[in-house]
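These notes are about the structure you will find just below.
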Amino acid sequence: MSHPTITEQLDDPAGARESGRKKIEWARQHMPIMTSIADEFGDEQPLEGQTVAMAMHVEAKTAVLTEVIAEAGAEVAITGCNPLSTHDDVSAALDATDAITSYAKREVDDTEYYAAIEATLDHGPTVTVDDGGDLVMAIHDEYPELIDSILGGCEETTTGVHRLRAMDDDGELRYPMFAVNDTPMKRLFDNVHGTGEASLSNIAMTTNLSFAGKTVVVAGYGYCGKGVAKKAKGQNAHVIVTEVEPRRALEAHMEGYEVCPMTEAAETGDVFVTTTGNRDVIVGEHFERMADGVVLANAGHFNVEIDLDALDDLAAARREVRDGIEEFEMADGRRINVLAEGRLVNLASPVAMGHPVEVMDQSFGIQAVCVREMVENTDSYGPGVHEVPDELDREVAEIKLDAEGIGIDALSDEQAAYMDSWQHGT
């Protein structure tokens, strides 16, 4: 393997490891689901003999998942899934951990990014854990010889699941993948509360501006868009939603948001947040309508939602006006500010820390039990995209409720029989 680990790329790896370890320990203190799973995995060693390749946002919460997988008996090789989301100190701390090799580094170019992915695959994985699908794509495109020895994998995010389903529809996905993103424990909490809180908090910290009294335009009203809209409304912003799907648009309208096309929203918005997972959501005609000083941020996985090439072509000048903010000045003097190079604002801005710890505890709990399921019951899953078994999702929810000291009711035998029967009428 010729690509260097993170340790080999840092001037002060010892100092980085110390800093990263503090971040990981803080996160782990507030992740009761992962703590419970770690105790179980440590005793049972369900991943003994497995090699797990991971492409994730390498920060403190992800590090906890990575270490729990290693503690379950696996060898782990990890790299980033975004050129700007890695915390180098956390990556260095992982690289110093037994059974973990980390190639993740912040601010890499495309060549370095894909070389690091290939380095994880040189370990010969039997399981993959991905966020965005780049790892799976690399295996199918560049390392097809690995497919026969891969038991399966897990995909974390909406964009990645979309890509995998497209592969599956075309008959090109050659090993089983769990759509972790599509479970209730992921969508209802990570996508809504995690994306909503983390995106807005990072926009606020990066700009030092308030949302109160401003018009926030949310592009897309899926689970992530719902979270951003809800949290922005809670901070006393006027929220406009743009959509292409009529039922989601109607849902946004019925929930009290203004709904209109982006061409109209562009004229009145102060802050724009894209959450669609698609490309060219904000383009040239929209830039031309925007007011002076608007802020543009992306909360989708890839940096294609805002057409930065078109914006650059329109701009008379561009400069960094604040860490993580690039100002594009139009010929007429208007200024359009883009955060984090159009990448995931909650993970790629200079102050970004990702989703709240408690939220990612739930998402990574699902990831961990799905890796175990794929290893222990691999014969149950053929090539393609698979829904996560509902009992696994419930298992993680029950662990969380226990940790919070929350009790719930249980169905009686009579109630269960009633719910499962078609014979009861009026």
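The values are calculated or read from the model by the stated rules, or taken from the named source; none is laboratory data. Treat the numbers as computed from the prediction; the structure is a model and nothing was measured. Positions of Cβ are backbone-derived with ideal geometry, glycine not excepted, and every protein chain shown enters the neighbour counts. Calculation scope for accessible area: heavy atoms of the full protein, side chains included, ligands and nucleic acids excluded. Shrake-Rupley method; radii C 1.70, N 1.55, O 1.52, S 1.80 Å.
Quick notes
- Estimated inter-spin distance, ALA212 and ALA115, nm [label 7 Å along Cα→Cβ]: 5.0
- Ordered by solvent-accessible area of protein heavy atoms (1.4 Å probe), largest first, the residues TRP26, TRP422 come out as TRP422, TRP26.
- Cβ-Cβ distance of HIS30 and ASP280, R₀ of 51 Å, FRET efficiency by 1/(1 + (r/R0)^6): the value works out to about 0.85.
- Span-like helix ranges in the chain, DSSP H, alpha carbon extent 15 angstrom or more, Kyte mean at least 0.0: 60-71, 195-207, 357-376
- Shown are LEU209, LEU411, whose ranking by accessible area with a 1.4 Å probe and every protein chain present, most to least, is LEU411, LEU209.
- Inter-centroid distance (Cα atoms) of the stretch 204-252 relative to the stretch 363-424, Å: 32
- What the Cβ-Cβ distance of ASP12 and HIS424 gives, at R0 = 51 Å and to the nearest 0.05, is a FRET efficiency of 0.15.
- Charging the Cβ of each Asp and Glu at -1 and of each Lys and Arg at +1, and nothing else, the dipole of the chain about its Cα centre rounds to 1520 debye.
- Fully extending the segment from ASP169 to ASP312 would add 47.8 nm, taking 0.36 nm per residue of separation and subtracting the current Cα-Cα distance.
- Cut-off 18 Å, label 7 Å out along Cα→Cβ of LEU188, residues of the stretch 392-426 by amide N: 392-411
- Percent of beta bridges antiparallel (DSSP, the chain, rounded to nearest 5): 20
- Spin-label model distance (nm) - ALA417 vs GLU404, 7 Å beyond Cα toward Cβ: 3.3
- Cβ-placed point charges (K, R +1; D, E -1), dipole of the stretch 377-426 about Cα centre in debye, nearest 20: 120
- Candidate cross-link partners of LYS230 among the lysines, defined by an alpha-carbon separation under 27 Å and a same-chain spacing of 8 or more, comprise LYS61, LYS186, LYS214, LYS400.
- For ASP413, the accessible area of its heavy atoms, probed at 1.4 Å with every protein chain present, is near 130 square angstrom.
- Normalised by the number of residues in the stretch 49-89, the average gap of Cα pairs under 8 Å and 6 or more apart makes the relative contact order 56 percent.
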